[in-house]
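The values are calculated or read from the model by the stated rules, or taken from the named source; none is laboratory data. Treat the numbers as computed from the prediction; the structure is a model and nothing was measured. Reconstructed Cβ throughout: ideal geometry from the backbone, glycine too, with neighbour counts over all protein chains shown. These area figures cover heavy atoms from the full protein model, side chains too; ligands, DNA and RNA do not enter into them. Shrake-Rupley method; radii C 1.70, N 1.55, O 1.52, S 1.80 Å.
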Amino acid sequence: MGETIDFTPLNAADREPIARLLHRALVHWYESRLGQGARFGDSPDPFTLFPEVYEALDPGECVTARTDSGEIVGVCFSHERETHVSVGIVATSPDAGGRGIAKKMMSLVLEKAKRLGKPARLVSSLLNLDSFSLYTRLGFVPGAIFQDLLITVPETGLTAAAPAGLERVREAVLADAPRIADFEQSRQGIRREKDFAFFVRNEVGAWRLLVSEATDGSVNGFLGMSTHPSCTMIGPGVAADEETAIALLWKALDGLRGKTLVFLAPCAASTLVRTAYAWGARNVELHVAQSTEPFVGAKGIVFPTFMPETA
């Protein structure tokens, strides 16, 4: 009889094994397919931030795949939001390929979404056609395409002049969380107020949340960012227009002086993308948003991220 795989929630003792699994899976795939494994560093330690953040947000929602001996050979991060179930990183051990582990983990998440009567949403790499094919087989429909842009922010800050609209950008406070959630729902049809409150409280990880207001005081954009040494990144965010998106991005990057990071920008936002190029950003990958029930009529400029994931 072959070895069985059990699918169980994550517990506190799993954080280091999951970090090792995430690191090993990413290094193996990017090195074997693209020769870019080095981009994820030599140590798995930074990846402990993923289970820490997800368990702080939604204890017990992560799915792990375990062998008879207790070894974790797969992990799928997800959590329920007001309007949908969002899927984060899905990873399996390089030694466990071909056993349907990723499909089973995703099926469990989709079963949960169906029980809740909510669509499932994710953002996946267009370079990894294996995962793209898995998701489309499971019923996900591709939507917007995003450019992964790598940038190194000078120690003295961006040399470009401050953009228009910067004076309307400020640090968010806890009272802004429902207003930001209302704005995102009006533009993207999704809601996740808990995430924005989580960023402002800043109790697990190291987060900042920027908000932009129109002249009448209404929210016209927001942008989160992780400043944690283990995972410096920009997103999630939504802006009403490209001018607001550029102002939010400039402010975020100015707060990450001396850092090298990747952020995602929609390919269709050509002014935003060209501005990022002018600031020194360059393309390193492409990602695509996918949903089991695409939202029709989405508006605005979206900055996806990977933790907690944007969908």
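Being under 23 Å from V288 (Cβ atoms) and open to solvent by less than 60 Å² (accessible area, probe 1.4 Å) is a description that does not apply to V53. Of all residue pairs spaced 6 or more apart or on separate chains, those with beta-carbon atoms under 8 Å, a first member in the range 264-282 that is over 24 Å from E309 (Cβ atoms) and among the hydrophobic types (A, V, I, L, M, F, W, C) and a second member that is modelled with pLDDT under 95 and surrounded by fewer than 16 Cβ atoms within 10 Å (Cβ to Cβ) are A278/A160; W279/A160.
Is at least one residue of the range 165-186 surrounded by 20 or more Cβ atoms within 10 Å (Cβ to Cβ), within 16 Å of the chain's Cα centre (by Cα) and over 30 Å from P94 (Cα atoms)? Yes, there is a match, as at least one residue in the range 165-186 is surrounded by 20 or more Cβ atoms within 10 Å (Cβ to Cβ), within 16 Å of the chain's Cα centre (by Cα) and over 30 Å from P94 (Cα atoms).
Give the range 252-266 a look and list any residue that's surrounded by 15 or more Cβ atoms within 10 Å (Cβ to Cβ) and of a type outside the set (K, R), or say none. Walk me through it before giving the result.
Within the range 252-266, the first condition is being surrounded by 15 or more Cβ atoms within 10 Å (Cβ to Cβ), and the residues that meet it are 252-253, 255-256, 259, 261-266.
Answer for the range 252-266, where residues must be surrounded by 15 or more Cβ atoms within 10 Å (Cβ to Cβ) and of a type outside the set (K, R): A252, L253, G255, L256, L261, V262, F263, L264, A265, P266.
Being within 17 Å of the chain's Cα centre (by Cα), farther than 24 Å from T156 by Cβ, modelled with pLDDT of 95 or more and hydrophobic (A, V, I, L, M, F, W, C) is a property that does not hold for L249. Within the range 255-270, the set of residues being under 21 Å from V219 (Cβ atoms), out of contact with any Phe, Trp or Tyr (no Cβ under 7 Å at 6 or more places or on another chain) and modelled with pLDDT of 95 or more comprises A269 only. V238 fulfils the conditions (1) over 20 Å from I180 (Cβ atoms); (2) open to solvent by less than 10 Å² (accessible area, probe 1.4 Å); (3) assigned to a strand (DSSP E or B) except for a single criterion, (1). Of the set (1) under 19 Å from L158 (Cβ atoms); (2) over 19 Å from the mean Cα position of the chain (by Cα), all apply to T215 but (1). Among the candidates V302, V288, V273, V200, the residue that is outside any strand (DSSP E or B), under 18 Å from the mean Cα position of the chain (by Cα) and not charged (D, E, K, R) is uniquely V200. No other residue among V75, V90, V53 is in contact with a Leu (Cβ under 7 Å, 6 or more places away or on another chain), closer than 28 Å to V200 by Cα and in contact (Cβ under 8 Å) with a residue 12 or more places away in the chain apart from V75.
Applying the selection to the range 28-45, what residues are part of a helix (DSSP H, G or I), open to solvent by 30 Å² or more (accessible area, probe 1.4 Å) and of a type outside the set (D, E)? So that I can check it myself, show each step before the final result.
Looking only at the range 28-45, we keep the residues that are part of a helix (DSSP H, G or I), and these are 28-34, 37-40, 45.
Next, only the ones that are open to solvent by 30 Å² or more (accessible area, probe 1.4 Å) stay: 28-29, 31-34, 38-40, 45.
The answer is H28, W29, S32, R33, L34, A38, R39, F40.
With the structure loaded, tell me whether R33 is among the basic types (K, R) and touching a residue at least 60 places away in the same chain (Cβ under 8 Å) or whether it fails that test. Yes; evaluated as a whole, the condition is true for this residue. Among the residues examined, T48 qualifies as closer than 23 Å to R15 by Cβ and either open to solvent by 40 Å² or more (accessible area, probe 1.4 Å) or hydroxyl-bearing (S, T, Y) (or both).
The residues listed here are E184, E213, E193; of these, the one that is of a type outside the set (K, R), touching a Pro at 6+ places or on another chain (Cβ under 7 Å) and over 30 Å from D42 (Cα atoms) is E193.
The set of residues from the range 84-100 being outside any helix (DSSP H, G or I) and crowded, with 18+ Cβ neighbours inside 10 Å comprises H84, V85, S86, V87, G88, I89, V90, A91, T92, S93.
Just to be sure I understand, how many residues within the range 281-296 are open to solvent by 50 Å² or more (accessible area, probe 1.4 Å) and not polar (S, T, N, Q)? If you could, list the steps in order and put the result at the bottom.
Residues of the range 281-296 that are open to solvent by 50 Å² or more (accessible area, probe 1.4 Å), as a first pass: 282-283, 286, 293-296.
From the residues that got through so far, the ones that are not polar (S, T, N, Q) too are 282, 286, 293-296.
Of the residues in the range 281-296, 6 are open to solvent by 50 Å² or more (accessible area, probe 1.4 Å) and not polar (S, T, N, Q).
Being touching a strand residue (DSSP E or B) at 6+ places or on another chain (Cβ under 9 Å) and closer than 19 Å to T152 by Cβ is true for just one of F303, F295. Which residue is that? The match here is F303. Considering A177, A162, the condition of being on the phi < 0 side of the Ramachandran plot and in contact with a helix residue (DSSP H, G or I) (Cβ under 6 Å, 6 or more places away or on another chain) is satisfied by A177 alone.
Can you say whether R115 is assigned to a strand (DSSP E or B) and more than 20 Å from the chain's Cα centre (by Cα), as far as the supplied structure shows? So R115 does not fit the description; no.
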